[in-house]
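To start, the structure under review is shown below, and the notes come after it.
Each reported figure results from applying straightforward, stated rules to the coordinates on display, with no laboratory input. A quick note: this is a predicted structure, and the numbers were derived from the prediction, not measured. Please note: Cβ atoms are built from the backbone with ideal geometry, for glycine as well, and neighbour counts cover all protein chains shown.
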Amino acid sequence: MTSRRDCEALDAQDPLAALRAQFTLPAGTIYLDGNSLGVLPASTARRVQEVVTREWGEDLITSWNKAGWIHQPLRVGTKIGRLIGAREGETLAADSTSANLYKVLSAALELIKRDGAPQRRTIVSERQNFPTDLYIAESLAAQHGFTLKLVDAEEIGAHIGAGLAVLMLTQVNYRSGRVHDMAALTRAAHAAGALTVWDLAHSAGAIPVDLNGAEADFAIGCGYKYLNGGPGAPAFVWAHRRHLERMDRDGLWQPLAGWMGHAAPFEFSSAYRPAPGIARFACGTPAVLSLAALECGVDSVLAAEPLGGMAALRRKSLALTNLFIRLVEERCAGHGLELVTPRDESVRGSQVSFARAEGGYAIVQALIERGVIGDFRAPDVLRFGFTPLYLRFADVWDAVEQLRQVLETGQWREARFNVKAAVT
Ligand SMILES: Cc1ncc(COP(=O)(O)O)c(C=O)c1O
């Protein structure tokens with residue numbers, strides 16, 4: 001049996017412990033939801049305040065040049081790129097994940113069409129993929145004359161074949177935390193003549209990702225989860241150079257061809273000419289305040305680089321999730337919690353989910369009242385995210401102790417925990 005003292009000993013030896021000081025964490029809260037909304041870096045409020053009062057308040061419109069606002073999407077994108085195996089200037093921070101998916105999936109479908117393989121008209125995705133991805137894909141499939149085929153995770157390999165146009169997957173499943181093998185699936189898709197689109201919402205800042213190493217085609221992801229960019233933070237978009245070069249050569253547009261993706265927006269030409277490289281995936285004016293906050297969040301993850309970077313974060317993340325699984329199974333046995341997340345750590349993201357036939361939502365609410373914040377994903381999943389930047393092993397022990405008490409006392413049955421809020 002692991003004791004709290006054992007956990008404190010792990011914290012004392014944790015080489016990443018100092019990173020916690022970067023954040024403003026509310027006292028008495030154990031935050032197990034950084035996979036949904038990352039915490040607030042201490043630098044963010046100062047930086048946003050500076051952008052508001054000095055760059056906007058005093059320097060006004062001159063800040064587009066003077067403070068470099070215009071370069072923010074590529075500058076912040078390049079920082080995110082360091083976490084996902086992109087080269088400098090290959091990643092753009094802009095818009096939402098949904099909007100970026102719309103852009104890259106359209107581009108992928110257009111490239112397939114140009115290749116003149118009329119039998120290749122299926123987009124394959126996982127039935128359990130995050131709904132926005134499925135809605136966007138369904139909408140694009142209808143527009144472009146493709147079919148969206150949804151399959152279970154275990155069946156994906158069997159659907160990589162002659163009819164496949166695009167394999168569109170979220171690398172780490174939002175509900176189960178299961179990780180797809182990006183390199184192997186990309187290789188298989190390419191061997192079948194198809195392209196891949198990867199949603200890295202639960203990967204960027206959570207697990208090591210190597211887009212170029214995997215030869216992936218397109219990728220998108222969220223800024224407000226493990227990147228700590230703040231609520232509604234801009235998302236990011238990446239495309240492999242070979243596609244960007246081809247889009248340049250063939251004069252291909254992305255569908256949201258706004259002026260900020262123009263090669264020379266301040267020529268105000270009435271003719272669209274896409275910017276070279278990833279910059280063509282910009283659409284309208286950058287969200288300067290949100291990008292400033294996102295940059296602080298990304299910097300909080302990059303602060304791990306001198307300590308071993310994503311590999312070191314991954315080691316601690318797995319130690320935290322392994323500990324959580326073990327403690328829940330030791331201390332909450334007999335309470336109907338069923339592990340949904342893979343026990344095999346090589347295919348586990350940075351979260352742990354348990355299904356429970358009854359009361360999942362109410363149990364999470366009771367935990368939140370006790371200062372342990374996780375979330376609930378319908379129909380029956382209690383989901384807990386583990387961000388190694390600030391979580392301690394003793395936090396894991398304390399969280400499980402609260403869960404044990406909620407289950408043993410049956411406190412979650414109280415009426416107030418069973419009233420569903422708009423956001424779960
Ligand atoms: C896998 C995945 N994709 C996309 C999104 C959300 O996209 P957006 O930022 O456009 O709301 C989420 C949100 O949780 C997600 O989990």
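For ALA42 and ALA18, the difference between the fully extended length at 0.36 nm per residue and the C-alpha to C-alpha distance is 7.3 nm. The ratio of the alpha-carbon radius of gyration of segment 163-301 to the globular-protein estimate 2.2 N^0.38 Å is 1.14. Quick one: order LYS66, LYS103, LYS149 by neighbouring beta-carbon count within 10 Å, fewest to most. So the ranking, lowest neighbour count to highest, is LYS66, LYS149, LYS103. Applying 1/(1 + (r/R0)^6) with r as the Cβ-Cβ distance of LYS149 and ALA415 and R0 = 56 angstrom yields a FRET efficiency of 0.80. The local environment of ASP152, defined by Cβ-Cβ distances under 10 Å, has a net charge of -2 under the rule Lys, Arg +1 and Asp, Glu -1. Using θ = phi - 60° in the Karplus curve 6.51 cos²θ - 1.76 cosθ + 1.60, the 3J(HN,Hα) couplings for segment 28-38 round to x, 10, 10, 9, 10, 9, x, 7, 10, 9, x Hz; x is entered for Gly and Pro. For the chain, build the charge dipole from Cβ charges (+1 Lys, Arg; -1 Asp, Glu) around the Cα centre, then report which of ALA357, ASN212, PRO342 sits farthest towards its positive end. Highest projection toward the positive end goes to ASN212. The modelled label-to-label distance for the pair ARG87/ASP115, using points 7 Å beyond Cα in the direction of Cβ, is 2.2 nm. Each pair of Cα atoms in segment 219-363 enters the Kirkwood radius, and Stokes-Einstein at 37 °C and 0.692 mPa s then converts it into a translational diffusion coefficient of 172 µm²/s. Per residue, the convex hull around the alpha carbon atoms of segment 291-407 comes to 117 Å³.
Relative to the longest principal axis of the Cα atoms of the chain, helix 97-114 runs at roughly 40 degrees. 3J(HN,Hα) along segment 246-256, derived from phi through the Karplus expression 6.51 cos²θ - 1.76 cosθ + 1.60 where θ = phi - 60°, amounts to 5, 4, 4, 4, 8, x, 7, 9, 8, x, 9 Hz, with x in place of Gly and Pro. Close amide H partners of GLY221, meaning residues 5 or more places away or on another chain with modelled amide H under 5 Å apart, are LEU200, PHE236.
From its DSSP helices (H runs of at least four residues, each -39,500 (n - 2.57)), the chain gives a residue-normalised ellipticity at 222 nm of -11000 deg cm²/dmol.
Phi angles across segment 413-419 convert, under the Karplus curve 6.51 cos²θ - 1.76 cosθ + 1.60 with θ = phi - 60°, into 3J(HN,Hα) values of 6, 4, 4, 5, 7, 10, 9 Hz, Gly and Pro given as x. Here the scattering of the chain is modelled by Debye summation over its C-alpha atoms, one equal scatterer each and no solvent; at q = 0.08, 0.12, 0.13, 0.14 Å⁻¹ the log10 of I(q)/I(0) is -0.46, -1.00, -1.14, -1.27. On C-alpha positions alone, give me the angle between the axis of helix 288-302 and the longest principal axis of the chain, in degrees, nearest 10. It works out to around 60 degrees.
Summarising the amide proton neighbourhood of ASP95: residues at separation of 5 or more, or on other chains, whose placed amide H is nearer than 5 Å comprise ALA235, ALA287.
Under the shape rule built on the C-alpha gyration tensor, where the axes satisfy a ≥ b ≥ c, segment 68-301 is oblate, since a/c reaches at least 1.5 while a/b does not exceed b/c.
Using a Cα-Cα cut-off of under 29 Å, which lysines could be cross-linked to LYS66, ignoring same-chain neighbours fewer than 8 residues away? List returned: LYS79. Using only side-chain charges placed at the Cβ, +1 for Lys and Arg and -1 for Asp and Glu, the dipole size of the chain relative to its Cα centre rounds to 320 debye. Evaluated with a Cβ-only charge set (Lys, Arg +1; Asp, Glu -1), segment 342-424 carries a dipole of roughly 160 debye about its Cα centre, given to the nearest 20.
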